[in-house]
Amino acid sequence: MFINNRITRLLGVDYPVIQGGMAWVADADLAAAVSNGGGLGVIAAGSMPPDLLESQIAKVRTLTNKPFGVNIMLLSATADAALEVVERNRVPVVTTGAGAPGKVIERLKPLGTKVIPVIASVAHAKRVEKQGADAVIAEGMEAGGHIGEITTMVLVPQIVDAVNIPVVAAGGVAEPRGVLAAFSLGAEGVQVGTRFVCACESNAHKAFKNEIIKARDRSTAITGASTGHPVRCIQNRLTREFARLEKAGASVEELEKLGTGRLRAAVVEGDVEFGSVMAGQSAALVNRIQPAAEMIRELFEGTQEMFESLHRFSNH
Ligand code: TUI
């Protein structure tokens, strides 16, 4: 089974699923596993100095012949350097996050690289369409990490109405019901992050994966709203300390100091007590560690089955 729509044709993949560009988690191993499973694997440049990014791009090419992407986190100090590496290495697809991707589109379009910005509002979606984006990822506030303010359920249909380029839904999508819902809202693809953290091929620390597996409906919290960079994480001593400081009116500098290095501590060292365990609300829907290819097959076979039974819904 494969799906033929504007997203699969744009990306050259069998299934319209893009792996989230998760800093410290999304390396060549995870990206290759997702691409080999028929989706679009993505290397996150956010946590990588340019030479490491370059070697990870070379590595992914040894692990798969399929298309892959690189995510450029625009808040990152290394975003400009990442853009140069991506240009030089002729990466097929780039996703961007946490900022305005005008320059990225301008530099990569002439090379034939497809650019797909993550956006969290209607105005931003319209702006990137005008700038030449090939598609947009509409990310709702159920997502993990740095987030906007609108839910996926309400954001996606507004973006679908506002732009002509294809829309990929993100935030809260971890299983077939979410995929079918996203398509019902007019999306032509989904971006999945939290569930792929728990892929066998993900190098996230096993304690980090275990926090996602254990998570329940109210396990995540948003910190940093007062700094202008709200971030969703699984609650722990760090999020409680963050909330305490925010309530006490701490400065942006103090709050940023508390956050520095905490994502690496959680993902790489497994410090889930005082690290930043970024994850979406869909963590509550993720219950096991399995190969990425199996996740993708389950997502789309399940969606197909549900779609067929919906056709017969009046006969239940
Ligand atoms: O970027 C993400 N998620 C992330 S980045 C990240 S690393 C980080 N670490 C510490 C503090 C902050 C970040 C962890 N998770 N998702 C994509 C995303 N982009 N979500 C929301 C947006 C967004 C928000 C506002 C994109 C554009 C935007 O406005 C741009 C404009 O010009 O209006």
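What number of residues in the stretch 1-33 are away from the ligand (no atom under 14 Å from the Cβ), in a loop (DSSP other than H, G, I, E, B) and under 21 Å from G144 (Cα atoms)?
Step one: list which residues in the stretch 1-33 are away from the ligand (no atom under 14 Å from the Cβ), which gives 1-17, 27-33.
Still in the running and in a loop (DSSP other than H, G, I, E, B): 1-5, 12-16, 27.
Within this subset, residues satisfying the condition of being under 21 Å from G144 (Cα atoms) are 16, 27.
Total meeting the criteria: 2.
Report yes if V168 is closer than 22 Å to L11 by Cβ, touching a Pro at 6+ places or on another chain (Cβ under 6 Å) and within 16 Å of the ligand (Cβ to nearest atom), otherwise no.
It is false that V168 is closer than 22 Å to L11 by Cβ, touching a Pro at 6+ places or on another chain (Cβ under 6 Å) and within 16 Å of the ligand (Cβ to nearest atom).
Each row is one residue, and each column tells you yes or no for (1) crowded, with 19+ Cβ neighbours inside 10 Å; (2) within 26 Å of V17 (Cα to Cα).
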| residue | (1), (2) |
| --- | --- |
| K209 | yes, yes |
| I212 | yes, yes |
| G224 | yes, no |
| P230 | no, yes |
| Q235 | no, no |
| R240 | no, no |
| V277 | yes, yes |
| L299 | yes, yes |
| G302 | no, yes |
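Just to check your reading of the model, which residue among L63, L108 is closer than 23 Å to P16 by Cβ, among the hydrophobic types (A, V, I, L, M, F, W, C), surrounded by fewer than 20 Cβ atoms within 10 Å (Cβ to Cβ) and more than 16 Å from the ligand (Cβ to nearest atom)?
Details: L108 fails: surrounded by fewer than 20 Cβ atoms within 10 Å (Cβ to Cβ).
Testing whether each residue is closer than 23 Å to P16 by Cβ, among the hydrophobic types (A, V, I, L, M, F, W, C), surrounded by fewer than 20 Cβ atoms within 10 Å (Cβ to Cβ) and more than 16 Å from the ligand (Cβ to nearest atom) leaves just L63.
I'd like the full set of residues that are within 15 Å of the ligand (Cβ to nearest atom) and either outside the structural domain of E54 (by TED's automatic domain parsing) or in contact (Cβ under 8 Å) with a residue 40 or more places away in the chain (or both), limited to the stretch 82-105.
Filtering the stretch 82-105 down to residues within 15 Å of the ligand (Cβ to nearest atom) leaves 82, 94-105.
If the condition is that a residue be within 15 Å of the ligand (Cβ to nearest atom) and either outside the structural domain of E54 (by TED's automatic domain parsing) or in contact (Cβ under 8 Å) with a residue 40 or more places away in the chain (or both), then T95, G97, A98 are the ones that fit.
In the set V154, V179, V122, V160, which member is surrounded by 24 or more Cβ atoms within 10 Å (Cβ to Cβ) and at pLDDT 95 or above? Before you say what the answer is, go through the steps one by one.
Working: V154 fails: surrounded by 24 or more Cβ atoms within 10 Å (Cβ to Cβ); V122 fails: surrounded by 24 or more Cβ atoms within 10 Å (Cβ to Cβ); V160 fails: surrounded by 24 or more Cβ atoms within 10 Å (Cβ to Cβ).
Unique residue meeting the criteria: V179.
For A135, are the conditions met, namely being small (G, A, S) and within 13 Å of the ligand (Cβ to nearest atom)?
On the way: small (G, A, S): yes; within 13 Å of the ligand (Cβ to nearest atom): no.
No.
In the list E273, E269, E256, E246, which residue meets the criterion of being out of contact with any Asp or Glu (no Cβ under 7 Å at 6 or more places or on another chain), in contact (Cβ under 8 Å) with a residue 12 or more places away in the chain and farther than 28 Å from M48 by Cβ?
Details: E273 fails: farther than 28 Å from M48 by Cβ; E269 fails: farther than 28 Å from M48 by Cβ; E256 fails: farther than 28 Å from M48 by Cβ.
Testing whether each residue is out of contact with any Asp or Glu (no Cβ under 7 Å at 6 or more places or on another chain), in contact (Cβ under 8 Å) with a residue 12 or more places away in the chain and farther than 28 Å from M48 by Cβ leaves just E246.
List every residue pair whose Cβ atoms sit under 7 Å apart, with the two residues 6 or more apart in sequence or on different chains, where the first one lies in the stretch 16-28 and is in contact (Cβ under 8 Å) with a residue 24 or more places away in the chain and the second, anywhere, is among the acidic types (D, E).
P16/E188
Looking at E273, is it in contact with a helix residue (DSSP H, G or I) (Cβ under 9 Å, 6 or more places away or on another chain), within 14 Å of E211 (Cα to Cα) and modelled with pLDDT of 95 or more? Before you say what the answer is, go through the steps one by one.
Details: in contact with a helix residue (DSSP H, G or I) (Cβ under 9 Å, 6 or more places away or on another chain): yes; within 14 Å of E211 (Cα to Cα): yes; modelled with pLDDT of 95 or more: yes.
Yes; evaluated as a whole, the condition is true for this residue.
Checking A77 against (1) within 16 Å of the ligand (Cβ to nearest atom); (2) buried (at least 18 other Cβ atoms within 10 Å of the Cβ), only one condition comes out false. Which one?
In the conditions (1) within 16 Å of the ligand (Cβ to nearest atom); (2) buried (at least 18 other Cβ atoms within 10 Å of the Cβ), A77 misses (2) alone.
Here is a yes/no grid of residues against (1) of a type in the set (D, E, K, R); (2) within 16 Å of the ligand (Cβ to nearest atom); (3) in contact with a helix residue (DSSP H, G or I) (Cβ under 6 Å, 6 or more places away or on another chain):
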| site | (1), (2), (3) |
| --- | --- |
| V118 | no, yes, no |
| E129 | yes, yes, no |
| E139 | yes, yes, no |
| G145 | no, yes, no |
| F208 | no, yes, yes |
| I213 | no, no, no |
| T220 | no, yes, yes |
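How many of the residues making up the stretch 34-60 are part of a loop (DSSP other than H, G, I, E, B), surrounded by 17 or more Cβ atoms within 10 Å (Cβ to Cβ) and within 16 Å of the ligand (Cβ to nearest atom)?
Here is the first cut: in the stretch 34-60, the residues part of a loop (DSSP other than H, G, I, E, B) are 37-39, 48-49.
Those left that are additionally surrounded by 17 or more Cβ atoms within 10 Å (Cβ to Cβ): 37-39, 48.
Within this subset, residues satisfying the condition of being within 16 Å of the ligand (Cβ to nearest atom) are 48.
Adding up the residues that qualify gives 1.
Could you go through the stretch 283-291 and let me know if any residue there is at pLDDT 95 or above, under 27 Å from G39 (Cα atoms), within 16 Å of the ligand (Cβ to nearest atom) and β-branched (V, I, T). Give the derivation first.
Looking only at the stretch 283-291, we keep the residues that are at pLDDT 95 or above, and these are 283-291.
Within this subset, residues satisfying the condition of being under 27 Å from G39 (Cα atoms) are 283-291.
Now drop any that are not within 16 Å of the ligand (Cβ to nearest atom), which leaves 283.
Now restrict to residues that are β-branched (V, I, T): none.
Within the stretch 283-291, none of the residues are at pLDDT 95 or above, under 27 Å from G39 (Cα atoms), within 16 Å of the ligand (Cβ to nearest atom) and β-branched (V, I, T).
Those residues that are without any contact (Cβ under 8 Å) to a residue 60 or more places away in the chain and touching a Pro at 6+ places or on another chain (Cβ under 6 Å), I need them from the stretch 214-237; list them, please. Lay out the reasoning, then the answer.
Our first condition is that a residue be without any contact (Cβ under 8 Å) to a residue 60 or more places away in the chain; within the stretch 214-237, this holds for 214, 218, 221, 223-228, 234-237.
Within the stretch 214-237, G224 is the sole residue that qualifies.
Out of the residues in the stretch 128-151 that are among the acidic types (D, E) and outside any helix (DSSP H, G or I), which is surrounded by the fewest Cβ atoms within 10 Å (Cβ to Cβ)?
Here the residue is E149.
The values are calculated or read from the model by the stated rules, or taken from the named source; none is laboratory data. Since we're looking at a predicted model, the values are computed, not measured. Methodologically, a virtual Cβ is constructed for each residue, glycine included, from the backbone with ideal geometry; neighbour enumeration extends over all protein chains shown.
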